[in-house]
Amino acid sequence: MKLLHLDASVLGDNSVSRQLSAAVVARFTDQIDGLQVDYRDLDANPVPHLRSSSLAKTDAAEATDAEQVMQQFLDADIVVIGAPMYNFSIPSTLKAWIDRVAVAGRTFKYTENGPVGLAGGKRVIIASSRGGIYTDSPADFQEPFLRQVFAFMGINELEFVRAEGIAYSPQHREDAIAGALAALPSHEAAEAVAA
């Protein structure tokens, strides 16, 4: 079984989303024998944003990296993404990664009846951190966007682990992290539901 772990925060060791995504991956590593984990830090090793040369594939190194990014995603059974909320949405580095995996003919296709996702069957877990509290807020463009783009690729059930209000006070931050860690998903629970 393969797990793809992505982090997008620019805060390094101070990042709550990185802390949560690492905790999810550690839990799955403990629960799944022989789990293969591929990791990409989108801050330290960003995927280039789309440009005209990207589409023309005139940069051989960029084209090779883009194919590797796509193949890692296609091969993954589980995808864990550390996705902080930046300005009501996601970091641009995460959007650049999404632009490389949301590709017609690879992860979705158009038919006479509309788009059809081709990347279904994956479990996607989003480790989300937010300075404020945005659940059920019209200002939340993070979670609806992620739900929409993954559904477009055929992945309809996203799981969110959220730490909200972390900028309110040190106590809010501590409580939010503790609550998120207490609610981590497990592989065993998913197997029980599937059985």
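Being in contact with a strand residue (DSSP E or B) (Cβ under 8 Å, 6 or more places away or on another chain) and under 22 Å from Val24 (Cα atoms) is true for just one of Phe73, Phe108. Which residue is that?
One residue alone meets the criteria, Phe73.
Could you list, in sequence order, all residues of the range 1-44 that are touching a residue at least 60 places away in the same chain (Cβ under 8 Å) and farther than 23 Å from Arg173 by Cα?
Met1, Lys2, Leu3, Leu4, His5, Phe28, Gln31, Ile32
Quick check on Ala76: is it crowded, with 18+ Cβ neighbours inside 10 Å, free of Cβ contacts under 8 Å to residues at least 60 places away in the same chain, small (Gly, Ala, Ser) and over 21 Å from Ala180 (Cβ atoms)?
Judged against the criteria, Ala76 is not a match.
List the number of the failed condition for Tyr110; all other conditions in (1) closer than 29 Å to Ser52 by Cα; (2) of a type in the set (Ser, Thr, Tyr); (3) under 13 Å from the mean Cα position of the chain (by Cα) hold.
Every listed condition holds for Tyr110 apart from (3).
A short reminder: the numbers here are calculations on the coordinates, not readings from a lab. The shown structure was predicted, so the numbers you read here are calculated from the model rather than taken from an experiment. Virtual Cβ from ideal backbone geometry, glycine too; neighbours counted across all protein chains shown.
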